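Read through the structure below, which is laid out as structure tokens, and then see the notes.
The values are calculated or read from the model by the stated rules, or taken from the named source; none is laboratory data. Being a predicted model, the structure only gives us computed values, none of them experimental. When we count neighbours, we look across all protein chains shown, and the Cβ atoms used for this are built from the backbone with ideal geometry, even at glycine. Accessible surface areas use protein heavy atoms only, side chains included; no ligands, DNA or RNA. Shrake-Rupley method; radii C 1.70, N 1.55, O 1.52, S 1.80 Å.
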Amino acid sequence: MNTLLKQYGPWLTTLEARDPVAIVVSSRMLRIDSGKSIGGLYFDRLYEAYNACLYAHRPAAFVFVEDLKPDTLKRYQAVLVVSQRVEMEPALAEALH
């Protein structure tokens, strides 16, 4: 296994994910999450959305608002905003328009 990883490892690090679905993660929602369950209600909803995408054979990637650039969401076929209960961060609202 080590020989295989040594041979293909450098090449594998150059690959980019091509997930068709983006699940945007709001740090504002994470900060105000109730924390009553294992990861909190918001975390649980993100996890459920991710698993639903896997079940539908559409792998998803988590995209954090802090990492958004103007064209970040354009490469995805679908963007999910999950359990957003407060006003969106300006960067997220701009990226979704």
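For residue 67, the accessible area of its heavy atoms, probed at 1.4 Å with every protein chain present, is near 100 square angstrom.
Straightening the chain between residue 71 and residue 8 buys 19.6 nm, computed as 0.36 nm per residue apart minus the Cα-Cα spacing.
3J(HN,Hα) along segment 43-51: 4, 4, 5, 4, 5, 5, 5, 4, 5 Hz, from the Karplus curve 6.51 cos²θ - 1.76 cosθ + 1.60 with θ = phi - 60°, whole Hz, x for Gly and Pro.
Annotation: amide H-H contacts under 5 Å for residue 25 (H modelled 1.01 Å from N, sequence separation of 5 or more, or interchain): 63, 64, 65.
Think of the chain as a dipole: +1 on every Lys or Arg Cβ, -1 on every Asp or Glu Cβ, centred on the Cα centre; then among 29, 40, 55, 55 lies furthest on the positive end.
The equivalent ellipsoid of the chain has semi-axes of 28, 18, 13 Å, largest first, where each one is the square root of 5 times an eigenvalue of the Cα gyration tensor.
Expressed in nm to one decimal, what extension gain is obtained for the pair residue 94 and residue 80 from 0.36 nm per residue of sequence separation less their Cα-Cα distance? Contour length minus the Cα-Cα distance gives 3.5 nm.
Computed over protein heavy atoms with a 1.4 Å probe, the accessible surface of segment 12-88 works out to 69 Å² per residue.
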